[in-house]
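The values are calculated or read from the model by the stated rules, or taken from the named source; none is laboratory data. Only a predicted model underlies this, so the values are computations on that prediction, with no experimental measurement involved. No Cβ is skipped: glycine too gets one built from the backbone with ideal geometry, and neighbour counts run over all protein chains shown.
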There are 2 protein chains.
Amino acid sequence: MENISFRDVTIKDGFWRDRQKINAEKTIYNVRDRFAETGRFDAFRFEWKEGMENRPHIFWDSDIAKWIESVAFIIEKEPRPDLEKKVDEVVDLMEKNQWEDGYFNSYFSVCEPENRFTNRDWHELYCAGHLTEAAVAYYYATGKDKMLKIMCKYLDLIDRIFRVEDSAAFHTPGHEEIELALVKLYRCTGEKKWLNLAKHFIDRRGMQEEVPEDFWCSSRYYQSHLPCREQLTAEGHSVRACYLYAGMADIAFEYDDEALKKACFSLFDDIYNKKMYLTGGIGQTAVGEAFTVPYDLPNSRAYTETCAAIALVYFASRMQKMRVDARFGDVIERAIFNGVLSGVSLDGGSFFYKNPLEFLHAERGRNVGVPRQQEPFPEAVRQRVFSCSCCPPNITRFIASIGDYICSEDENTVYIHQYIASTVKTAKGEIEIETGYPYDGKVKIVTGADFRGKLALRIPGFSKDSFEIKPDAGAVVKDGYAYIDVAGAAEFEINLDISPKAVYANPLVNEDAGRVAVTMGPLVYCAESVDNGENLRALKIGKITDFERKFNAGLGTTDIIIKGRRLRQETFEGGLYAYEREYEPCEIRLIPFYACINRGECDMTVWLVSD
Amino acid sequence: MENISFRDVTIKDGFWRDRQKINAEKTIYNVRDRFAETGRFDAFRFEWKEGMENRPHIFWDSDIAKWIESVAFIIEKEPRPDLEKKVDEVVDLMEKNQWEDGYFNSYFSVCEPENRFTNRDWHELYCAGHLTEAAVAYYYATGKDKMLKIMCKYLDLIDRIFRVEDSAAFHTPGHEEIELALVKLYRCTGEKKWLNLAKHFIDRRGMQEEVPEDFWCSSRYYQSHLPCREQLTAEGHSVRACYLYAGMADIAFEYDDEALKKACFSLFDDIYNKKMYLTGGIGQTAVGEAFTVPYDLPNSRAYTETCAAIALVYFASRMQKMRVDARFGDVIERAIFNGVLSGVSLDGGSFFYKNPLEFLHAERGRNVGVPRQQEPFPEAVRQRVFSCSCCPPNITRFIASIGDYICSEDENTVYIHQYIASTVKTAKGEIEIETGYPYDGKVKIVTGADFRGKLALRIPGFSKDSFEIKPDAGAVVKDGYAYIDVAGAAEFEINLDISPKAVYANPLVNEDAGRVAVTMGPLVYCAESVDNGENLRALKIGKITDFERKFNAGLGTTDIIIKGRRLRQETFEGGLYAYEREYEPCEIRLIPFYACINRGECDMTVWLVSD
């Protein structure tokens, strides 16, 4: 099975078209301006000297690379001469400043050239990976191959140093990413050597590697505690982990490598069953930005970096090529509508790095007495810029390429994984998807006269016991997909049950025990203090039967108003404990999680006290 | 009002006599042996040299001091020649090794004599304080004044250096304790200079002090962020804080210092209303072993050091001398029956340093991937010894002197604060307290023929709406005390309502929202996995109406068996989230918190999911 690229997809008016417009008209420029202000573009001039401001940083190449890739994805669909010109300038600087032997890294070249390929943790191969992805995307979008050639030359050097000679001070990337980038390059150029190099990094990983002695040090943090094929549980830094797992899935797929496949399925199961937030967020702790132990899913302290949710989508989308299983599409859907999308404000101008499932006043400012020992705790306001700015350009490239996740196909069947209003070109003919999803559960699928084959429609987990396909074409449901034979022009309607639903967590999840989350279709909802008053923990809801949907013009969302109860604060007389408690009836307004914290700093929670 | 000393109290058979027997027959020897093994006694020889094992430590003097004080408290009541001999040996070594000018500190003398009085954080004055308390106690118990003289000589030096000359590298103790010790010394010797020195340390504190630059550094950590009279909220290291607050209360009482009293009442309210666990534990975070922000009371991550609960009792018992208010007695009772007593195992042989309100498997081992960055997390097994061993000898001295908290008296009235079976000598005549409390709510108070005055009986918060005094002597209840006029031999019975009660936390306490704790009289109960199966978060209880009391021969406790429900794990099919949940009826066994983790490592929780 092959995923159908966003290049063969046209997103039509609807939820995602709106997000893409803001992305292409606002966010991409916002990110560019912040990067310009902080010297990230200037770094490519290689003119920085000790004493000047804006010292280049080890991960700046990757920031610019993701911005270039975003531009490439945007101009695939609509010309943007101003953005394209900026990219060309950067590429010219790359050409000018590339070393004779192919090396390119704006930090090491300028700040410590004598130390290239000596520090595993310093993101050198990660930067090379992102620049490679950008080069591939820019070549696809414009046909310009200058950046591609620069990167191939650099990668030839990397191939020699790391694979042929094994002469660097380390053997595999400290921050994985280059693996999946090399697979993309192979698919673009057809040159097997890039696939070989990706496989080399995966084969070599966890084989008696030195772990750098630094602040975050540990072999699990780097996914180097075991050879990749023996890694069965998700460990360490969550972004690094899922970029690696995506690369492993690529190699497993390309080489039909059974041991690697087995590891990938096990890693996915571990995340899906034990380490994933309801929002599709991953990375349970800020300490090491890492996975922790099963069922440890704290809400306020959740790390759930935007990049980690994106990395999980990359991993899951590669997994769904290897096995038909609606869980992959469910995870992608959960992430894109919640833990990914929450990473950017509704106006496209500010960002979350961490996307925790609650912000509570009473938890903020802990350890105020010991400033240097403060527990890492998420900011309850969105930021225009971060010094570690991986998330903003990651979300711009992700939204621009959301079409990547809609369909895949094999010899006989086109699989529709995500219900995004679009036109999709497949080898079996064109498909139209018309829908107001996720706020409307009705999806119309239209095939053209030339279409021949099976359609497989993913039945999302929330609707698996209650959906309808019209006309009833004798659809057979298997592995979470409804299969329909189609010949020629046809029109189907699938009605998914997007009524609000209570969700409960496994009681092994300490913080969520006795609590309930409300979802509507793929959307996770949350309560904010701006709607519901200061103390969100005083709210209690029972069965989700008495509710009302209400359009929120300010946020552009459909909110859920539920009848609930509020614990009377007076019982506690300003103190901590009481032998009695009293509730009074109240209405609780819930908004989609992706729209949280768009009205200034306030408290927010996904998991409410339940009856 | 003056508190009546345990020296005027004879504890009779009952709950606390049992604890004292184990304390005097087992724990005191266990602590002695561990201290001997670790070189703490040998340190007093001043013979350690670089390269030898058991390097003296900055706080070892205080460990030995608390052990000596424990011995003194025990031999007040029954001779223990072996223990007394050991103390005499230590005192002889002190005499031999005291510096010409009076200085005594086994760490600085041996390891870095050139640095005495230079490092505020290194517990020098704290050690002096504990040695002073020990000297006073040993003098009271035995009439031997050698140690007392040694300490007076040392304190004369401290008085000169810190008060007269102000010539040390710092001005007030980094770890407070000496303040309350000096007040004890003043009361023992009648010498006003010791009171003056205590007052000096309190007056000087927070006046443009340098905060040492070390790992835990911050002025709040040291309660040095403000002058003492302006400190209105409890901040920083919780043990240091409450030792200071106890000293402040002493000085406020002795000097009738209104500004200091106001600060003390405000500090107490802040703890009582916003920062105290149901168990009387304080110190919400291991990071800085500190108070944090109001209503931040995490259960698994609670620091709640045994010493902190003890320090809170010291503070509260000084407060109840300044105002009649049953809240002080309530806090003392909550702490002594729960967060203090949990610090030692039922057999007296092992200890908790931290006394969190839950141990959950699913939370342990977090951040395993990043070993050097592990979040501090309590051990779920009791330890025979700690390298930082402040708690074991603190609990031995505390249990031996539990009689300190029973009564106080002013001109007209004897106040009975704690219902501990005992005979109490008061200025108004002897009082007998007969009771099976806390497992029996009936308390008999008997006065002798010579008794003249009022009795004030504390009505504990849990019983304030339901108690009975027989014969009905027209008791007037005010400020939580029932006042009875007594002349001559009399016998009263007070019946307190110790039926099991649900307790709810203010919903501002995030983790406890939607949860319930069960108490019986002053005892907080908890569920352990050894009784209730592995997943304690799956348990749910409603109203506490259907229960049974059951004696537990193994633990010597009276347990509560409640009808509850258990969330069916199967619903989750091994995964994280489900749209449905099912409960099945079950019995839940609750044991007193003080008896937790006495049957090997297991999960435990105080706060259960509530209907």
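Quick look at the values:
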{"read-out": "B:A578 among the hydrophobic types (A, V, I, L, M, F, W, C) and within 20 Å of A:V503 (Cβ to Cβ)", "value": "yes"}
{"read-out": "Qualifying positions in the stretch A:313-334 - away from every other protein chain (no Cβ under 14 Å) and of a type in the set (A, V, I, L, M, F, W, C)", "value": "A:V313, A:F315, A:A316, A:M319, A:M322, A:V324, A:F328, A:I332"}
{"read-out": "Any strands (runs of 3 or more DSSP E) falling wholly within the stretch A:419-473 and containing at least 1 residues that are more than 21 Å from A:G14 (Cα to Cα)", "value": "A:422-426, A:429-435, A:452-458, A:467-470"}
{"read-out": "Sole residue being more than 29 Å from A:Q208 (Cα to Cα), touching a Pro at 6+ places or on another chain (Cβ under 7 Å) and in contact (Cβ under 8 Å) with a residue 60 or more places away in the chain, chosen from A:K66, A:K77", "value": "A:K66"}
{"read-out": "Tabulated pairs, the stretch B:539-568, first closer than 21 Å to B:G600 by Cβ, second among the small types (G, A, S), C-beta under 7 angstrom, 6+ apart or interchain", "value": "B:L539/B:A527; B:L539/B:G564; B:L555/B:A595; B:T557/B:A595"}
{"read-out": "Selection within the stretch A:442-487 - within 14 Å of chain B (Cβ to nearest Cβ) and of a type in the set (D, E)", "value": "A:D465"}
{"read-out": "Close pairs (9 angstrom Cβ cut-off, 6 or more residues apart or separate chains): at positive phi in the stretch A:4-28, polar (S, T, N, Q) and in a strand (DSSP E or B) anywhere", "value": "A:G14/A:S422; A:G14/A:T435"}
{"read-out": "Evaluation of A:R204 against (1) surrounded by fewer than 22 Cβ atoms within 10 Å (Cβ to Cβ); (2) touching a Leu at 6+ places or on another chain (Cβ under 9 Å); (3) more than 9 Å from chain B (Cβ to nearest Cβ) (one fails), failing number", "value": "(2)"}
{"read-out": "Residue in the stretch B:312-328 that is within 28 Å of B:N598 (Cα to Cα) and either among the aromatic types (F, W, Y) or out of contact with any Cys (no Cβ under 8 Å at 6 or more places or on another chain) (or both) present", "value": "yes"}
{"read-out": "Residue tally, condition part of a loop (DSSP other than H, G, I, E, B) and within 27 Å of A:S342 (Cα to Cα), over the stretch A:564-599", "value": "4"}
{"read-out": "Within the stretch B:544-553, considering residues that are closer than 19 Å to B:Y583 by Cβ and away from chain A (no Cβ under 11 Å), the one surrounded by the fewest Cβ atoms within 10 Å (Cβ to Cβ)", "value": "B:T545"}
{"read-out": "Odd one out for B:T285 among (1) farther than 16 Å from B:H200 by Cα; (2) at pLDDT 95 or above", "value": "(2)"}
{"read-out": "Subset of the stretch B:500-533 that is crowded, with 23+ Cβ neighbours inside 10 Å and of a type in the set (S, T, N, Q) - its residue that is farthest from the other protein chains (Cβ to nearest Cβ)", "value": "B:N532"}
{"read-out": "Any chance B:W99 is in the same structural domain as B:Y154 (by TED's automatic domain parsing), within 20 Å of B:M147 (Cβ to Cβ) and of a type outside the set (D, E, K, R)", "value": "yes"}
{"read-out": "Test: residue in the stretch B:67-86 that is part of a loop (DSSP other than H, G, I, E, B), among the polar types (S, T, N, Q), out of contact with any strand residue (DSSP E or B) (no Cβ under 7 Å at 6 or more places or on another chain) and surrounded by 13 or more Cβ atoms within 10 Å (Cβ to Cβ)", "value": "no"}
{"read-out": "Sole exception among (1) part of a loop (DSSP other than H, G, I, E, B); (2) within 9 Å of another protein chain (Cβ to nearest Cβ) for B:G283, by number", "value": "(2)"}
{"read-out": "Tabulated pairs, the stretch A:30-56, first on the phi < 0 side of the Ramachandran plot, second aromatic (F, W, Y) and not in a helix (DSSP H, G or I), C-beta under 7 angstrom, 6+ apart or interchain", "value": "A:F35/A:F41; A:R55/A:W48; A:P56/A:W48"}
{"read-out": "Answer residue from the stretch A:489-499, given it is surrounded by fewer than 23 Cβ atoms within 10 Å (Cβ to Cβ) and more than 15 Å from A:T558 (Cα to Cα) and is nearest to the other protein chains (Cβ to nearest Cβ) among those", "value": "A:D497"}
{"read-out": "Qualifying residue in the stretch A:237-247 (condition: small (G, A, S), closer than 30 Å to A:K193 by Cβ, within 14 Å of another protein chain (Cβ to nearest Cβ) and surrounded by 24 or more Cβ atoms within 10 Å (Cβ to Cβ))", "value": "yes"}
{"read-out": "Unique match (being outside any loop (DSSP other than H, G, I, E, B), under 13 Å from the mean Cα position of the chain (by Cα) and of a type in the set (D, E, K, R)) among B:R334, B:R318, B:R327", "value": "B:R334"}
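For every residue, the table says whether it meets (1) assigned to a loop (DSSP other than H, G, I, E, B); (2) in contact with a helix residue (DSSP H, G or I) (Cβ under 9 Å, 6 or more places away or on another chain); (3) more than 14 Å from chain A (Cβ to nearest Cβ); (4) within 28 Å of B:L297 (Cβ to Cβ).
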{"site": "B:K540", "(1), (2), (3), (4)": "no, no, no, yes"}
{"site": "B:L555", "(1), (2), (3), (4)": "yes, yes, yes, yes"}
{"site": "B:D559", "(1), (2), (3), (4)": "no, yes, yes, yes"}
{"site": "B:I562", "(1), (2), (3), (4)": "no, no, yes, yes"}
{"site": "B:E601", "(1), (2), (3), (4)": "yes, no, yes, yes"}
